[in-house]
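Heads up: the structure comes next, in structure tokens.
Every number here is computed from the coordinates shown, using simple stated rules; none is lab data. None of these values were measured; they are calculated from a predicted model. Quick reminder, even Gly has a Cβ in these numbers, built from the backbone with ideal geometry, and neighbours come from all protein chains shown.
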């Protein structure tokens, strides 16, 4: 090897621009955190969130409540803001609920004269709830929600014939007024907090309006699609949506929604009722822990 003469210089290396974004290729593989704009997101965490999104789509399609899995999974990402998690959850969910809505409409033929007006009013309520979510902590409402869910679980478990067949409790204008009020209230909740919205829609359509579980689930998907869209109308202009991550989760959510809606339609009301009770109990447990940590634990500290 030739010895370098004293007048020669070491070959210079290209200068590194400290202001450049991190490279998305890392040791021959994709640095998924940099690619999605979440520096601490790992491949393992992303796979976990994708599985949660698929499962959430399945649960949402059957009885609602998929946010129990999808939203907490998003909040596991270090550095993600709660409003980003909520907005990205809505983006993925809107594709899943659209898929299940179409599947239910083709096979269960829900009455759109109730579902569509209820959906429009719920969209307005969801927009208002999303606006409140930016200034008011959801923890203030969680104790009330837990109590309501306990009542729903007991009411459903103690009345095995509830939702077995459609027996409408209101008719004419009164039916549509009650449906609209329910849509407004649940839409507001969905925009502000989110998890369990589909579950509240199903039990309202069953217990208040008198639909069977299959028809209630079919209508709930159409209304839930509107509530997700209503929240996005506020979150998108605020720049809260993580589009790449939301797009990946949307694909998983669509797959779970399609499978869940097909299973619900083929297995019928009894299957939906059992899944409904399981989801309600899980929702009570999840929100109950939140109430303890946010409202009660500080009192004993």
Query raised in the report: Going by alpha carbons, how many degrees (0 to 90, nearest 10) lie between the helix axis of 173-192 and the longest principal axis of the chain?
Result: 20
Requested in this report: List the relative contact order of the chain as a percent without decimals, with contacts defined as Cα pairs under 8 Å and 6+ residues apart.
Outcome: 33
Query raised in the report: Going by how many other beta carbons lie within 10 Å of each one, how would you line up 175, 238, fewest first?
Result: 238, 175
Query raised in the report: If each residue's Cβ is checked for other Cβ atoms within 10 Å, how do 95, 300 rank with the fewest at the top?
Result: 300, 95
Query raised in the report: Per residue, what volume in Å³ does the convex hull of the Cα atoms of the range 59-180 enclose?
Result: 146
Query raised in the report: Using only Cα atoms, what is the ratio of the radius of gyration of the range 143-286 to 2.2 N^0.38 Å?
Result: 1.09
Report summary line: Between the Cα axis of helix 82-108 and the main Cα principal axis of the chain, the angle (0 to 90°, nearest 10) is 50
Report summary line: Restricting to Cα pairs under 8 Å and 6 or more apart, the percent relative contact order of the range 127-273 works out to 32
Report task. Return the whole-Å distance between the Cα centroid of the range 257-271 and the Cα centroid of the range 56-84. Result -> 21
Query raised in the report: With labels modelled as points extended 7 Å from the Cα through the Cβ direction, what inter-label distance (nm, one decimal) is found for residue 157 paired with residue 35?
Result: 4.5
Report task. Give the order of 34, 257, 126, 266 when sorted by the count of other beta carbons within 10 angstrom, beginning with the fewest. Result -> 266, 34, 257, 126
Query raised in the report: Roughly what angle does helix 112-133 make with the longest principal axis of the chain, taking Cα atoms, 0 to 90 degrees, to the nearest 10?
Result: 50
Query raised in the report: Where does the range 34-300 land on the Kirkwood hydrodynamic radius, alpha-carbon pairs, in angstrom?
Result: 18.2
